[in-house]
Ligand SMILES: Nc1ncnc2c1ncn2[C@@H]1O[C@H](COP(=O)(O)OP(=O)(O)OP(=O)(O)O)[C@@H](O)[C@H]1O
Ligand SMILES: [Mg+2]
């Protein structure tokens, strides 16, 4: 394998929860994700997958160890710097779509780009249309987000995650609410993003099939990594 | 790294929140409308009251009055040390004339002071206006009418005859309408007055005036100062009061203190001379300020409420916006803007409503000493209302907005 460009790395990351009692939810987590890699994270319920993902997302800053995103040490950075970094480099897809129901699909997709301000409004609109087209939603663009089906809403959320061409797309059970057909659509898009645009996917999933077809699967158990390259045989 | 383009997405979001809550927004705005209208209206009213009250005072009272205060006698010997024999003293008012020594040089001195507009001597004397067998007691003020007019604007409340005739008619008298009616005299008639020294003079009524102050209107008349001196059997250097007007009557107390030091006589400013009126005015001010601010504050709570509601309903939006890179400041901007938009709608309508209220009330006749309701368009109160309305609106938005900015998105996504 040729030298890979690492876009996401943790060094000995650990975390405590203090409520209701102090316990070490994550311990000694050292992982890395390469550019263009489709990485999945599996493990039993309560093993700490979501907790880890929130640390990687920079939204949760209460941990020990170090996290690097795109060669930048994010550990210890100020909230506003982290927000700017998320805006530019990370796209999020959750189990729930979290679209703003008052806004059209198009406007929802545009929001992170309007915040970033790298393009004019017109350019942003064109780009948003392209992302929606890629997800097969072009004809739904002007509908209010609340008027779409669950699968469509999830795809709009993915389009929104992609609008700023982030280096990393993080998903916490992004297909958790979807049927097998929609799951397949999302999977194919993720695959395409890694292959065609060199974006990195880090997705927590309970779907073994989904994990099996990803590039690499990390397995967690009781807050530790027990397998960095799991193969569903 | 600065963004190349600034898109105001925060205000788009706040506007969408307003649009989805039209009804509540209108109610909150209506609260501000009423709050601001009442605030501006009440404060304009207070300003009107204050103005009529000072205008009324300045019809007969100068900004500063210089006179010789009563002196109390001092013990001939100083109090001896404690334990030793004590001198019994019985302090009394010194039986001396309340007369200003060398008044002309005092007047000249005062005239040369900064910001002094009018200086004029005055001699007051209690008189009886004789009408057949009955006598009406009153107060006659001996003045130099030209100067007194500059000070009290006497000309403006003369209702009959000519004030200036007092200059040429040595024994002329400018009589208040109330007395004239009781005595059944008109301009051109003669009346006799009797002074406290039992000097009787025949006076020629040169004009009638009305001040709309019920006390003044039942007693006062203006005569030439020389005649007043004659009524008191004094010579022409007998001056009891020197009246001074200054440019800034609100600072009269400062001038008074200075003049007192300068001349050695007591200088009393108009506020001190009208303590009761001033106290009533102060009380009115406190009450109106309290009430109008409370109403404005209640209006602020309306906005505060709608914002709290929006924030708890839109907590998911806040979480995802923060996840996508909105900073705390961006979130605050969304909600403060929402509050300000509601507030500005309310303010604009409220200021309009205040104008209507002021206009309506300005045409209401209340009679008495007041006449028409003493209220008018007060730009300073509009400015103040706008300012306080803005500040309250801002904080009604900022306090909940700061809470929204502190939302931990992870705790929302975990639900
Ligand atoms: N806010 C919290 N305070 C205290 N403990 C928490 C908190 N959030 C999660 N935990 C605990 O931390 C552990 C890991 O939770 P986490 O959500 O990361 O699990 P997970 O692997 O994502 O599970 P699932 O597959 O069910 O989503 C669990 O034992 C959970 O009860
Ligand atoms: Mg989870």
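Derivation of every value follows stated rules applied to the coordinates shown; laboratory data play no part. Computed from a prediction, not measured in an experiment: that's the story for all the values here. Backbone-built Cβ (ideal geometry, glycine too); neighbour counts: all protein chains shown.
222 nm [θ] for chain B, helices only, -39500 (n - 2.57) per DSSP H run of 4+, per residue, to 500? Before the final figure, lay out each step's value.
Working: 14 runs with 215 residues, N = 415.
Estimated from H runs of four or more residues: -17000 deg cm²/dmol.
Using a Gaussian network model of chain A in which every pair of alpha carbons under 10 angstrom is joined by a spring, one finds that among A:93, A:202, A:219 the greatest mean-square fluctuation is at A:219.
Peptides B:17-24, B:397-404, ordered by how many other C-beta atoms sit within 10 Å of their residues on average, highest first, read B:397-404, B:17-24. DSSP beta bridges confined to the protein assembly as shown are antiparallel in about 70 percent of cases.
Taking 7 Å steps out from each Cα toward its Cβ at residue B:263 and residue B:115 produces label points 1.8 nm apart. Against chain B, whose longest principal axis is taken from its Cα atoms, helix B:22-58 shows a tilt of about 10°. Helix A:180-197 and the longest principal axis of the Cα set of chain A meet at an angle near 80°. When Rg and Dmax are taken over the Cα atoms of the protein assembly as shown, they come to 42.9, 133 Å. Taking springs between alpha-carbon atoms closer than 10 angstrom, which of B:314, B:218, B:59 fluctuates most in the Gaussian network model of chain B? Between B:314, B:218, B:59, it is B:314 that shows the largest mean-square fluctuation.
In chain A, the calculated helix contribution to ellipticity at 222 nm averages -10500 deg cm²/dmol per residue, counting -39,500 (n - 2.57) for every DSSP H run with n ≥ 4. Each Cα pair under 8 Å and six or more residues apart adds its separation to the average, and for the stretch B:309-415 the resulting relative contact order is 49 percent. Distance between the 7 Å Cα→Cβ label points at residue B:189 and residue A:149: 10.4 nm. Percent of alpha carbon pairs in chain B separated by more than 37 Å? Percentage above 37 Å: 50.
If you take each beta carbon of peptide A:108-120 and count the beta carbons of other chains within 10 angstrom, what is the mean?
5
Peptide A:87-93 has a mean of 3 when you count, residue by residue, the C-beta atoms of other protein chains within 10 Å of its C-beta.
Of the peptides B:272-282, B:147-157, B:132-142, how do they stack up when ordered by the mean number of other Cβ atoms within 10 Å, highest first?
On the way: B:272-282: 13.3, B:147-157: 18.2, B:132-142: 15.6.
Ranking, from highest mean packing down: B:147-157, B:132-142, B:272-282.
Eigenvalues of the Cα gyration tensor times 5, then square-rooted: what semi-axes does that give for the stretch B:265-375, in whole angstrom, largest first? Intermediate results must be reported in sequence, preceding the final value.
Details: eigenvalues 454, 79, 25 Å².
Semi-axes (√(5λ), whole Å): 48, 20, 11.
Across chain B, the mean sequence separation of Cα contacts (distance under 8 Å, 6 or more residues apart), normalised by length, yields a relative contact order of 27 percent. Two decimals is fine: what is log10 I(q)/I(0) at q = 0.12, 0.19 Å⁻¹ for the stretch A:155-233, from a Debye sum with one equal scatterer on every Cα and no solvent? With one equal scatterer per Cα and no solvent, log10 I(q)/I(0) is -0.35, -0.86.
Footprinting exposure proxy ranking of B:366, A:25, fewest other C-beta atoms within 10 angstrom first, gives B:366, A:25.
Considering only B:304, B:382, B:365, the mean-square fluctuation computed in a Gaussian network model of chain B, springs between alpha carbons under 10 angstrom, is largest for B:365. Considered as an equivalent ellipsoid built on the Cα gyration tensor, the stretch B:170-225 has semi-axes of 18, 13, 10 Å, the largest given first.
Let me confirm one metric for peptide B:399-409, namely the mean number of other chain beta-carbon atoms within 10 Å of its residues' beta-carbons.
Working: counts 0, 0, 0, 0, 0, 0, 1, 0, 0, 3, 7.
Across B:399-409, the average partner-chain Cβ count within 10 Å equals 1.
Relative to the longest principal axis of the Cα atoms of chain A, the long axis of helix A:121-134 makes an angle of roughly 70 degrees. Look at the alpha carbon pairs under 8 Å that are at least 6 residues apart: their mean separation over the length of chain A gives a relative contact order of 29 percent.
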